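Since the structure comes first, as structure tokens, the remarks are kept for the end.
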Amino acid sequence: MPRLPPATTLHTVEQVRALDRAAIAGGIAGHELMARAAAAAFALLCLRWQAARRVLVVAGNGNNGGDAFLVAGLAAAAGLDVHVVALGEESSGDAARARAAWLDAGGSIAIAGDSTLPVEVDVLVDGLFGTGLRRAPDGVAAQLIEQINACRGGTLSLDVPSGLDADSGVAPGVVVRADATISFVGWKRGLFTADGVDCCGALSLDTLGIPPAILSACPGDAQLLDAGLTSLLQERSSNVNKGKYGHVLAVGGSEGMAGAIALAAESALRVGAGLVSVATQPLNVAAINAHRPELMVRGIEGPQALQALIERSSVLAIGPGLGQAAWGHALWDAAVRAGRACVLDADGLNLLALEPVDLPAEAVLTPHPGEAARLLACTVAEVQADRFAAVRELARRHAAVVVLKGAGSLIANPAQQVALCPFGNPGMASGGMGDVLTGVIAGLLAQGLSAWDAARLGVVVHALAGDRAAGDCPRGMIAGDLLPFLRVLVNPGRA
């Protein structure tokens, strides 16, 4: 999991380039920005690898390579043993000036392809490709990345790990697996989602001394969420009762799927909903009651019986374990047409893909990539190729807040705002985690948060609970492990 960085604005590559141009127009020369980037990178190298003596620098032909040549010069000036490998014989623009400075200082350059990289180094500086690469590396470049990953020692990537699409977070081919990445000017949104989560290592940002007025002129493309979002929940006063905190009705649990709706319902309780009812198959009632007696469980044969429960509720959680057979479809149809604030997940989404309907104003959809693909009538690969575009299109198409789950979960609203959650871990890739998230968001909706706030806070609380539950042992974690941590995280000042 990446270290949570200090700034929260995420940019597209083009937005960062615009900031570069604005800084240059404002009087900071391009070669000066390059020098500042190199200084920041070398400072991080010295801080993170204090005992390093042997440094290998891999430089591409563009500005990323120029940064790398200047890092090599700083490392050599500090007395380190520096070896430089370049992708090509020549560099362009300001990078050519940096390359010449390295040679003028007595440095030498090996050309990639002529020899293999030395394996035994303390730190490897990856300056092969910057933000411009949108395709899979090939030829000598691909071989070079494979050799970088085979080196023993730490790897520091400049701006973006080479081979990673900085906009989408997708690695279409081989990609550098960095131990640390230092991003320049502004965060690139692809560092925090999809393959970027696995490739970047510890993240840091240096804005290169660009004036705040220039940086603030670009609103960015998305916002990074942080744990401070729990401030949306105010501390409770003493003179209250359960009716103040809403009534969630969790609808689902077909035959063999009682656990899904039970997890969603208990999660709504654990984040503070005042009352939680469950509408499920009659055969599930005894098991759920025995597991969690605080839930009000009703065996429901059909939509007429469901209607009375809907009228007493304020928020609906629709879909966990629901199924798509006649019983599930009938309950789904009655629930989504009820006009209540709602959260749709699992078969609630699959049925929506088959039968699109207008949703209530305060609705949250929580698809994983497979469910998102069904809703968009495309492939999972197409969703994952541009998760930002996918989540925005889902929010637009359904006029709802949408959570696209996965590494670097994204939340979008109909106004096309996007937020990204940097928390969570691979131990959360197990059955029932989505059911817990459904209940968390529904419980927050019940306490009066808007769909946008409930979804953003719910995703953060859910991911942080997953991180606390996982500790150093994510493999083998189950959804129920999150429940005790939910309660702690929704009590501001005590988390």
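So the check is Cβ under 7 Å with 6+ separation or different chains; which pairs have a first residue in the stretch 160-176 that's in contact (Cβ under 8 Å) with a residue 60 or more places away in the chain and within 15 Å of residue 193 (Cα to Cα) and a second one that's surrounded by fewer than 23 Cβ atoms within 10 Å (Cβ to Cβ) and hydroxyl-bearing (Ser, Thr, Tyr)?
Taking only residues 6 or more apart or on different chains, the pairs are 167/12.
Among the residues of the stretch 319-338, is any closer than 19 Å to residue 440 by Cβ and assigned to a strand (DSSP E or B)?
Looking for residues that are closer than 19 Å to residue 440 by Cβ and assigned to a strand (DSSP E or B), one finds none in the stretch 319-338, hence no.
With the structure loaded, tell me whether residue 113 is surrounded by fewer than 23 Cβ atoms within 10 Å (Cβ to Cβ), under 26 Å from residue 88 (Cβ atoms) and not assigned by TED's automatic domain parsing to the domain that holds residue 421 or whether it fails that test. Give the derivation first.
Working: surrounded by fewer than 23 Cβ atoms within 10 Å (Cβ to Cβ): yes; under 26 Å from residue 88 (Cβ atoms): yes; not assigned by TED's automatic domain parsing to the domain that holds residue 421: yes.
So residue 113 fits the description; yes.
Suppose we keep only residues that are of a type in the set (A, V, I, L, M) and not in a helix (DSSP H, G or I) within the stretch 39-54. Which one would you say is surrounded by the most Cβ atoms within 10 Å (Cβ to Cβ)? Spell out the reasoning first.
Step one: of the stretch 39-54, the residues of a type in the set (A, V, I, L, M) are 39-41, 43-45, 47, 51-52.
After this cut, where a residue has to be not in a helix (DSSP H, G or I) as well, the list is 51-52.
Details: 51: 6, 52: 18.
By that ranking, first place goes to 52.
Based on this model, can you work out whether residue 286 counts as in contact (Cβ under 8 Å) with a residue 24 or more places away in the chain, assigned by TED's automatic domain parsing to the domain that holds residue 343 and among the hydrophobic types (A, V, I, L, M, F, W, C)?
Numbers: in contact (Cβ under 8 Å) with a residue 24 or more places away in the chain: no; assigned by TED's automatic domain parsing to the domain that holds residue 343: yes; among the hydrophobic types (A, V, I, L, M, F, W, C): yes.
For residue 286, the condition - in contact (Cβ under 8 Å) with a residue 24 or more places away in the chain, assigned by TED's automatic domain parsing to the domain that holds residue 343 and among the hydrophobic types (A, V, I, L, M, F, W, C) - is not met.
Within the stretch 277-295, work out how many residues are in contact with a Ser or Thr (Cβ under 9 Å, 6 or more places away or on another chain) and in a strand (DSSP E or B).
Number of matching residues: 2.
Can you tell me which residue in the stretch 34-73 is farthest from the chain's Cα centre (by Cα), limited to those that are under 19 Å from residue 145 (Cβ atoms) and polar (S, T, N, Q)?
61
Please list, ordered by first then second residue, the pairs with beta carbon atoms under 7 Å, 6 or more apart or interchain, first in the stretch 140-151 and more than 12 Å from residue 126 (Cα to Cα), second of a type in the set (S, T, N, Q).
none
Taking the stretch 71-94 as the region of interest, how many residues are within 17 Å of residue 129 (Cβ to Cβ) and out of contact with any strand residue (DSSP E or B) (no Cβ under 8 Å at 6 or more places or on another chain)?
Selection size over the stretch 71-94: 4.
Scan the helices (runs of 4 or more DSSP H) fully inside the stretch 346-415 and keep the ones with 2 or more residues being of a type in the set (Ser, Thr, Tyr) and surrounded by fewer than 23 Cβ atoms within 10 Å (Cβ to Cβ).
Numbers: elements: 347-354, 369-376, 380-385, 387-398.
Once the helices (runs of 4 or more DSSP H) in the stretch 346-415 are filtered for at least 2 residues that are of a type in the set (Ser, Thr, Tyr) and surrounded by fewer than 23 Cβ atoms within 10 Å (Cβ to Cβ), nothing remains.
Residues of the stretch 289-304 being free of Cβ contacts under 8 Å to residues at least 12 places away in the same chain and within 17 Å of residue 316 (Cβ to Cβ), which ones?
If we filter the stretch 289-304 for residues that are free of Cβ contacts under 8 Å to residues at least 12 places away in the same chain, which is where we start, we get 289-290, 293, 304.
Listed by number, the list holds a single entry, 304.
I'd like to check something: does the stretch 146-160 contain any residue that is assigned to a loop (DSSP other than H, G, I, E, B), crowded, with 24+ Cβ neighbours inside 10 Å and either within 18 Å of the chain's Cα centre (by Cα) or of a type outside the set (A, V, I, L, M) (or both)? Even if it seems obvious, please write down each step before you answer.
Initial filter on the stretch 146-160 (assigned to a loop (DSSP other than H, G, I, E, B)): 151, 159-160.
Add one more test, that the residue is crowded, with 24+ Cβ neighbours inside 10 Å, and what stays is 159-160.
From what's left, either within 18 Å of the chain's Cα centre (by Cα) or of a type outside the set (A, V, I, L, M) (or both): 159-160.
Yes, the conditions are met somewhere in the stretch 146-160.
Can you name every residue in the stretch 147-180 that is at pLDDT below 95 and among the charged types (D, E, K, R)?
Of everything in the stretch 147-180, just one residue is at pLDDT below 95 and among the charged types (D, E, K, R), namely 152.
Only one of (1) in contact (Cβ under 8 Å) with a residue 40 or more places away in the chain; (2) under 19 Å from residue 366 (Cβ atoms); (3) not hydroxyl-bearing (Ser, Thr, Tyr) is not met by residue 312, so which one is it?
It is condition (2) that residue 312 fails.
Could you tell me whether the stretch 187-209 includes any residue that is assigned to a helix (DSSP H, G or I), without any contact (Cβ under 8 Å) to a residue 40 or more places away in the chain and over 17 Å from the mean Cα position of the chain (by Cα)?
For the stretch 187-209, residues assigned to a helix (DSSP H, G or I), without any contact (Cβ under 8 Å) to a residue 40 or more places away in the chain and over 17 Å from the mean Cα position of the chain (by Cα): absent.
For the stretch 11-32, which positions are in contact with a strand residue (DSSP E or B) (Cβ under 7 Å, 6 or more places away or on another chain) and over 15 Å from residue 67 (Cβ atoms)? Break it down into steps so the answer makes sense when it comes.
From the stretch 11-32, those in contact with a strand residue (DSSP E or B) (Cβ under 7 Å, 6 or more places away or on another chain) are 11, 13, 16; that's our starting set.
Answer for the stretch 11-32, where residues must be in contact with a strand residue (DSSP E or B) (Cβ under 7 Å, 6 or more places away or on another chain) and over 15 Å from residue 67 (Cβ atoms): 11, 13.
Among (1) of a type in the set (Ser, Thr, Tyr); (2) within 30 Å of residue 8 (Cα to Cα); (3) in contact with a helix residue (DSSP H, G or I) (Cβ under 6 Å, 6 or more places away or on another chain), which single condition is residue 216 missing?
The single condition residue 216 does not satisfy is (3).
Would you mind telling me which numbered condition in (1) surrounded by 15 or more Cβ atoms within 10 Å (Cβ to Cβ); (2) within 17 Å of residue 126 (Cα to Cα); (3) out of contact with any His (no Cβ under 8 Å at 6 or more places or on another chain) residue 57 fails?
All conditions are met except number (3).
Within the stretch 449-465, identify whether any single residue is farther than 20 Å from residue 410 by Cβ and part of a helix (DSSP H, G or I), and answer yes or no.
Taking the stretch 449-465 as the starting set, the residues that turn out to be farther than 20 Å from residue 410 by Cβ are none.
Within the stretch 449-465, none of the residues are farther than 20 Å from residue 410 by Cβ and part of a helix (DSSP H, G or I).
Being within 29 Å of residue 189 (Cα to Cα), in contact with a strand residue (DSSP E or B) (Cβ under 9 Å, 6 or more places away or on another chain) and modelled with pLDDT under 95 is the requirement here; does residue 130 meet it?
On the way: within 29 Å of residue 189 (Cα to Cα): yes; in contact with a strand residue (DSSP E or B) (Cβ under 9 Å, 6 or more places away or on another chain): yes; modelled with pLDDT under 95: yes.
Yes.
How many residues does the stretch 218-257 contain that are surrounded by 24 or more Cβ atoms within 10 Å (Cβ to Cβ) and not in a loop (DSSP other than H, G, I, E, B)?
In the first step, residues of the stretch 218-257 are kept if they are surrounded by 24 or more Cβ atoms within 10 Å (Cβ to Cβ); the result is 222, 246, 248-253.
Those still in the list that are not in a loop (DSSP other than H, G, I, E, B) too: 222, 248-251.
The total comes to 5.
Just to be sure before I move on: is residue 301 modelled with pLDDT under 95 and either among the polar types (S, T, N, Q) or farther than 23 Å from residue 431 by Cβ (or both) in the structure I sent? Break it down stepwise before answering.
On the way: modelled with pLDDT under 95: yes; either among the polar types (S, T, N, Q) or farther than 23 Å from residue 431 by Cβ (or both): yes.
Criteria met by residue 301.
Which of the residues belonging to the stretch 277-307 are of a type in the set (Gly, Ala, Ser) and surrounded by 12 or more Cβ atoms within 10 Å (Cβ to Cβ)?
The answer is 277, 279, 286, 287, 299, 302, 305.
Please identify the pairs in which a residue from the stretch 47-69 that is under 14 Å from residue 37 (Cβ atoms) has its Cβ atom under 7 Å from the Cβ atom of a residue that is among the polar types (S, T, N, Q), counting only partners at least 6 apart or on another chain.
Going by the 7 Å Cβ cut-off, the qualifying pairs are 62/92; 65/91; 66/91.
The values are calculated or read from the model by the stated rules, or taken from the named source; none is laboratory data. Every value quoted in this text rests on a predicted model; they were computed, and no experiment measured them. FYI the Cβ positions are ideal-geometry reconstructions off the backbone, even for glycines, and counts take in every protein chain you see.
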